[in-house]
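Worksheet: one structure, shown below.
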Amino acid sequence: MSATFLELSAVSKRFSPRLSLGERIAAALGGDVETRTVHAVDGVSLTIKAGEALGLVGESGCGKTTLGRIAAGSMAPSEGIVRLDGVPVIGPGPHPRKLTTRIQTVFQDPFASLDPRMRIGDIIAEGPIAHGLVSKDAAAALVGEWLGRVGLDPSFASRYPHMFSGGQRQRVAIARALAMKPDILVCDEPVASLDVSIQAQIVNLFLQLRRELGLTMLFISHDLGVVRHICDRVAIMYLGRIVEIGAAEAIYGDPRHPYTRALLDSVPKLVIEDGTNVVFKPIQGELPSPLSPPRGCHFHPRCPIAMDRCRGEIPALKASGTQSAACHLAPT
């Protein structure tokens, strides 16, 4: 594998929710109003090598979509910086530098991300024409090429998004992103809204495109099964922090963090062990609010092996072999 290509260094993102009507009235009258801050991403550092697929996994609300938007350059971090091939992509401040064409995103809901008033051909060609990657005269050939590469008939270019199924619309969204010839593709839950059988087709398409194009990918998902098929390495995220990261075979074969083990145990299984059907073991407790995250290890209120140290001290990512885990009990 080649050297580091995309680098996120100590990236954090905080939001200040809008005050309710009652809070605004209280503030106008000079009353005390508690300042609230959502800690969406908390000091995350990640690297992705050229040609590598990194999976980012966690429950809904853990901050993985926010981190994906920062990685794609569409959202500025509160702290930290993102570099692509050593060049700053985006950082804190009102006027970050963005490399808009080199990183493209495939979103979860293809119907929401495609303009319903535009024909498919115009949707795919719009970006390359706007950025001077192709002339208007050559755009039709480009559209036909990418429709074919994602498994759609080039004649579909004249149709509108509502005329396609969910899986076909996602293929169009993939073609639109790849037509920009990006260096990195950020996929934000790209199969979550699709039927299981269609999910498999889109996963196979990503695998095929990776082989043909040598894609570098950040693949965001809550589905460990999907990530296992696509990604070389996996990062596990919990309440804004990376709690474990490493080679996919190591993460799935020997998870070091209690949250990673809980995620793997919560995946439904259709196997027989000692004559008993093993269905799934849901993670106990609820994800804490990012408005008031727990002190120390964020996972300790739900962790079956938490100790006093976990409640007051933030564990650092400790490397062991091909993986690192942020747990006081993880091996070194």
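Using a ≥ b ≥ c from the Cα gyration tensor of the stretch 113-181 (square roots of the eigenvalues), is it rounded, prolate or oblate, where a/c under 1.5 gives rounded and otherwise the larger of a/b and b/c decides, a/b for prolate?
prolate
How high is the relative contact order of the chain? Use alpha-carbon pairs under 8 Å, at least six apart in sequence, and give a whole percent. All intermediate terms of the calculation are to be shown ahead of the outcome.
On the way: 638 pairs, mean separation 59.9, N = 332.
Relative contact order here is 18 percent.
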Please identify, among Ala125, Ala138, Ala262, the residue showing maximal mean-square fluctuation in a Gaussian network model of the chain using a 10 angstrom Cα cutoff. Ala138
Comparing Ile220, Ile242, Ile198, which has the greatest mean-square fluctuation in the GNM of the chain with Cα pairs linked when under 10 Å apart? Ile198
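Per DSSP helix of 4 or more residues, -39500 (n - 2.57); summed, then divided by the residues of the chain. What does that give at 222 nm, rounded to the nearest 500?
Numbers: 10 runs with 98 residues, N = 332.
Calculated from helices alone, the mean residue ellipticity at 222 nm is -8500 deg cm²/dmol.
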Starting from the Cα gyration tensor of the stretch 198-270, take the square roots of the eigenvalues, sort them a ≥ b ≥ c, and report rounded, prolate or oblate (rounded when a/c is under 1.5, otherwise prolate if a/b is larger than b/c, else oblate). prolate
What residue among Leu239, Leu56, Leu224 has the largest mean-square fluctuation in a Gaussian network model of the chain, using Cα springs under 10 Å? Leu224
Just give me a number: lysine pairs in the chain, eight or more positions apart or cross-chain, with C-alpha atoms less than 28 Å apart. 18
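Cβ under 12 Å from Phe156's Cβ, Phe156 left aside: what net charge do those residues give with Lys, Arg +1 and Asp, Glu -1?
Values: positive: Arg119, Arg159, Arg169, Arg171; negative: Asp153.
Overall, the nearby charge balance is +3.
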Express the relative contact order of the stretch 113-181 as a whole percentage, based on alpha carbon pairs under 8 Å and six or more residues apart in sequence. 45
Would you mind pulling out the separation of the Cα centroids of the stretch 51-92 and the stretch 116-184, in Å? 25
Dipole check, the chain, charges on Cβ (K,R +1; D,E -1), about Cα centroid: among Gly127, His298, Gly312 the Cα furthest to the positive pole belongs to Gly127
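Where a number appears in this text, it was derived from the coordinates with a stated rule and is not lab data. If you're wondering where the values come from, they're calculated on a predicted model, not measured in any experiment. Quick reminder, even Gly has a Cβ in these numbers, built from the backbone with ideal geometry, and neighbours come from all protein chains shown.
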